[in-house]
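The structure appears below as structure tokens.
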Amino acid sequence: MTSAEIRQAFIDYFAEQGHHPVHSSPVIPGNDPTLLFTNAGMVQFKETFLGQEVRDYARAVSVQRCIRAGGKHNDLENVGYTARHHTFFEMLGNFSFGDYFKPEAIQFAWTFLTERLGLPAEKLWVTVFEEDDEAADIWLKELGVSSARFSRCGAKDNFWSMGDTGPCGPCSEIFYDHGPSIPGGPPGTPDEDGDRYIEIWNLVFMQFDRSADGTLTPLPKPSVDTGMGLERLAAVLQGVHNNYDIDLFKTLVNAAAQLTGQSDTSLSSLRVIADHIRSCAFIIADGVLPSNEGRGYVLRRIIRRAIRHGYKLGQTQPFFHQLVAPLVAEMGEAYPELAAKAAEVTRALKLEEERFAETLENGMAHLEQAIAGLAGATQIDGETIFKLYDTYGFPVDLTADIARERGLTLDEAGFEQAMQAQRERARAANSFGGNQTVRIDCQAVTEFVGYSNDQAHAKVVGLFVD
Ligand code: ATP
Ligand code: MG
Ligand code: MG
Ligand code: MG
């Protein structure tokens with residue numbers, strides 16, 4: 001099945017079960033300052049779950065364009081390293097607003113996978129939240145799923161939240177076993193890291209609204225929110241293991257290979273570029289331009305990462321914007337709003353490429369020199385990271401990405417110190433008058449690798465409030 005056929009099959013199946021088809025909302029959440037980007041299908045239904053908005057249907061189905069490149073769900077660092085993570089992906093979801101609950105949600109998901117799509121039950125593994133006996137009974141007793149492929153997991157994986165606040169609840173997940181040739185243990189085991197057992201579908205039983213102080217208030221009515229990654233399901237149905245080998249990505253990876261003159265399409269830089277063109281194009285199409293703060297800075301960071309991967313492949317001229325055309329050819333039918341903005345998106349990307357090209361080469365030379373001077377040490381010093389950031393426009397995560405490729409780490413504390421010194425210089429300059437405001441962009445620190453996503457999220461929110 002092609003990606004397009006999978007989208008349609010999902011909508012058709014749930015429409016048959018009385019679900020109202022709803023088009024994807026933009027990747028920029030309407031008026032939710034707690035959220036950087038739409039990270040799940042439920043985002044556009046948040047108020048409905050909370051009982052603050054009433055819709056004239058109690059069941060919905062959607063294919064939602066999502067970004068996970070900042071905030072609570074941040075997969076930027078995973079791209080290029082796992083077979084299953086993207087910064088942009090499409091989430092297939094069915095929703096119940098106080099209508100059906102656990103038994104139907106589980107039944108629908110199982111029937112869709114095993115009967116409609118014909119996936120063998122022996123390849124599917126199931127997890128539930130450790131305290132959720134009700135969901136466990138449905139899987140084991142009603143559907144007869146084998147206890148050999150079933151486990152109970154803790155809150156980290158099986159209690160889902162959109163962000164630090166908002167609707168949340170216990171969940172039950174379905175994994176696909178891609179076979180013993182791929183490393184990784186089943187869910188809930190110590191060696192589960194790896195890509196053998198890939199999570200494909202999360203069924204969330206929405207029961208609470210979490211407030212800023214952590215209190216859980218029951219929702220007016222228990223509801224259901226599910227999310228299945230289209231790309232992961234496509235990999236299963238197309239008999240490939242890596243998401244980047246599905247139909248949709250093949251076109252993009254091939255286009256990137258052609259542009260950069262590569263013949264080996266399994267290069268991870270090509271995958272990163274193919275991933276990043278999707279998130280960048282949709283973020284711009286949905287109304288955000290590269291800038292030095294908030295969402296615009298996340299966008300800038302993703303674009304610069306893509307350009308740097310191009311540079312690694314020998315590309316010194318702007319190329320990234322040329323991927324908009326093949327992207328629109330691939331996804332414009334499903335997302336006419338992207339097709340409508342193609343020219344604008346291309347222009348914005350080209351401008352950003354030209355801007356960064358001026359400093360990229362010199363920045364890389366500076367970094368290479370610093371690395372050469374390490375003489376066996378494995379940590380890049382704070383002054384170098386700061387200079388790359390401040391003078392050459394290298395977001396810190398970009399430097400971190402290069403360091404990781406070389407088996408090096410960054411001196412976080414040293415960088416913080418250099419930032420702090422800069423802040424003090426700026427403050428002094430300000431108080432001595434001039435009417436010149438120097439805005440220090442803290443987001444590079446915010447997104448520093450090594451912080452937990454939750455901390456980063458709290459800081460990003462803090463930044464917006466500033
Ligand atoms: P993982 O554990 O693999 O990171 P997750 O538990 O963070 O996934 P959920 O928040 O449960 O993911 O999202 C629901 C579904 O969306 C997942 O089961 C998966 O199919 C898909 N998904 C989540 N993150 C990504 C991503 N970065 N790229 C592609 N698909 C994703
Ligand atoms: Mg994740
Ligand atoms: Mg997971
Ligand atoms: Mg999950």
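No value in this document is a laboratory result; all are computed from the given coordinates. Everything numeric here is computed off the predicted structure, so don't read it as measured data. Note that we place each Cβ from the backbone using ideal geometry, even for glycine, and neighbour counts take in every protein chain shown.
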Region 1-145 - convex hull of alpha carbons, volume per residue in Å³:
149
Helix-derived [θ] at 222 nm for the chain: sum -39500 (n - 2.57) over DSSP H runs of at least 4, divide by residue count, nearest 500?
-13000 deg cm²/dmol
Give me the percent relative contact order of region 305-368, please, defined on Cα pairs under 8 angstrom at least 6 residues apart.
36
Could you compute how fast region 171-217 diffuses translationally, taking Rh as the Kirkwood radius over C-alpha pairs and applying Stokes-Einstein at 37 °C with viscosity 0.692 mPa s? Give it in µm² per second.
259
Within the chain, excluding any GluC sites (Glu not before Pro) found in a DSSP loop (not H, G, I, E or B) and having at most 13 other Cβ atoms within 10 Å, the longest uninterrupted segment runs 54-332
So how much slack lies between Thr82 and Glu142, counting 0.36 nm per residue of separation and subtracting their Cα-Cα distance, in nm?
18.1 nm
Roughly what would the spin-label model give for Thr217 and Glu131, points 7 Å off Cα along C-beta, in nm?
2.0
Using only the alpha-carbon atoms, how far is helix 102-111 inclined from the longest principal axis of the chain? Give it as 0 to 90 degrees, nearest 10.
80
Here region 234-250 yields Karplus 3J(HN,Hα) values (6.51, -1.76, 1.60; θ = phi - 60°; whole Hz; Gly and Pro given as x) of 4, 4, 4, 6, 9, x, 10, 8, 9, 3, 6, 9, 7, 3, 4, 7, 4
Ranked output for segments 260-266, 165-171 by mean other Cβ atoms within 10 Å, highest leading, reads 165-171, 260-266
Quote the charge dipole size of the chain about the Cα centre in Debye, to the nearest 20; the model charges only the Cβ of Lys and Arg (+1) and of Asp and Glu (-1).
920
Scalar couplings 3J(HN,Hα) for region 66-78 by Karplus 6.51 cos²θ - 1.76 cosθ + 1.60 (θ = phi - 60°), nearest whole Hz, x for Gly and Pro, are 10, 10, 10, 9, x, x, 4, 9, 10, 10, 3, 6, 7
Taking 0.36 nm per intervening residue step and subtracting the Cα-Cα distance, what contour gain separates Val54 from Ala340 on full extension?
99.9 nm
Within the chain, pairs of Lys residues whose Cα atoms are less than 14 angstrom apart, provided they are eight or more positions apart or on distinct chains, add up to 5
Please compute the contact order of region 171-276 in relative form: average sequence separation of alpha-carbon pairs under 8 Å and at least six residues apart, divided by the residue count, as a percent.
17
Show me 222-230, 274-282 ranked by packing, highest mean number of other Cβ atoms within 10 Å first.
274-282, 222-230
List the relative contact order of the chain as a percent without decimals, with contacts defined as Cα pairs under 8 Å and 6+ residues apart.
14
